[in-house]
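Enquirer: Please find one structure pasted underneath; my questions will follow.
Every number here is computed from the coordinates shown, using simple stated rules; none is lab data. Keep in mind that this is a model prediction, so the values were computed, not measured. Note that we place each Cβ from the backbone using ideal geometry, even for glycine, and neighbour counts take in every protein chain shown.
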């Protein structure tokens, strides 16, 4: 079944009163020809008035402000998404030699997705991976990207906490380890240096069954955090998804929420508040099919966690690193 229910709860707990909290979230799944966002609901506690707009990349951004003093902030989004089978265009992948002859056109049209960024600088340390990927590519663009994704999956260890939310690919390269955020950035670095537009995708992965509770997948679903992977513009085939963390192509169980140049464009929750208090962050993500293989509905309700002197404005703790 390709109909999924998603619940994402983020909670900030402060060790003193805070006020004037300004926040924006990117939590509404995309609605396009590849998936339909059947329903979406965003609730905050304390309650607030939420407004929405689309950013430069077409992502839904919801904003809300909480002015009174509070000791806790909970942001809960709930969605139902229908994933569609992608149409088969039957086109072959362009060869790498053809890319070299025509690549300038793609660079001009998709400059934002080729240029280096803070998280994804163009590093000479990537050249070894790129050369190995080209050797395993059979001479095609699609083969190069798939080989690059496979190399990252094979050579880098998944170690939760090895990097932090602001780490660039230089950290993952030096450690030989990271989490999905790092692996998506590594693949972006490789394809962009080869002249291919690539974009960072923030979203979720739906587990196929009980056996998925092993290995890397247990780190990306079920009380952990949202997931991340890479989409590459393969000439003749359009945007194609690759998940170097799980070592497989992005498919129907990859639910897309937002696109960007890197993680900095698409954090699920970002904001600032006024006050001297410290804070603790917790994130809970639940992703599951809406119906089982027998057609029985199993949506399950989840309970949400329910100035004497001028105070400085402080950033909310960054959203948990995408695992």
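Enquirer: State the extension gain, in nm to one decimal, for the chain segment bounded by residue 32 and residue 154, taking 0.36 nm per residue of separation less the distance between their alpha-carbons.
Expert: Numbers: separation 122, 0.36 × 122 = 43.92 nm, distance 3.26 nm.
40.7 nm is the gain from fully extending residue 32 to residue 154.
Enquirer: I need two numbers for region 68-182: Rg to one decimal and Dmax as a whole number, Cα atoms only, in Å.
Expert: Rg and Dmax of region 68-182, Cα atoms, are 19.1, 61 Å.
Enquirer: Given a Förster distance of 41 Å, report the FRET efficiency between residue 20 and residue 118 from their Cβ-Cβ distance, rounded to the nearest 0.05.
Expert: Working: r = 28 Å, r/R0 = 0.68.
Result of the calculation: an efficiency of 0.90.
Enquirer: Can you tell me which of 46-53, 158-165, 246-253, 260-267 comes out highest on packing, and rank the rest after it, using the mean Cβ neighbours within 10 Å?
Expert: Working: 46-53: 12.6, 158-165: 15.2, 246-253: 17.1, 260-267: 21.9.
Ranked by mean Cβ neighbours within 10 Å, highest first: 260-267, 246-253, 158-165, 46-53.
Enquirer: Testing the spin-label approximation: label points 7 Å from Cα along Cα→Cβ at residue 107 and residue 47. State their distance in nm.
Expert: 5.6 nm
Enquirer: In nm, give the distance between the simple-model label positions of residue 88 and residue 56, each being 7 Å from the Cα along the Cα-to-Cβ direction.
Expert: 3.9 nm
Enquirer: Using the Kirkwood radius over C-alpha pairs as Rh, can you work out the diffusion coefficient of region 96-265 via Stokes-Einstein at 10 °C, viscosity 1.306 mPa s, in µm² per second? Display every interim value, and only then the final one.
Expert: Numbers: Rh = 15.9 Å.
The diffusion coefficient I find is 100 µm²/s.
Enquirer: Another one. How far apart, in nanometres, would the label points at residue 2 and residue 127 be if each is projected 7 angstrom from Cα along the Cα-to-Cβ direction?
Expert: Output for this residue pair reads 4.3 nm.
Enquirer: How much length would be gained if the chain were fully extended between residue 165 and residue 252, taking 0.36 nm per residue of separation minus their Cα-Cα distance, in nm to one decimal?
Expert: Details: separation 87, 0.36 × 87 = 31.32 nm, distance 2.69 nm.
Gain on stretching residue 165 to residue 252: 28.6 nm.
Enquirer: Something else now. What's the exposure ranking of 229, 239, going from fewest to most Cβ atoms within 10 Å?
Expert: Working: 229 28, 239 16.
Arranged by neighbour count, lowest to highest, 229, 239 become 239, 229.
Enquirer: Using the number of other C-beta atoms within 10 angstrom as an exposure proxy, rank 12, 111 with the fewest first.
Expert: Working: 12 22, 111 10.
Final ranking by Cβ density, sparse to dense: 111, 12.
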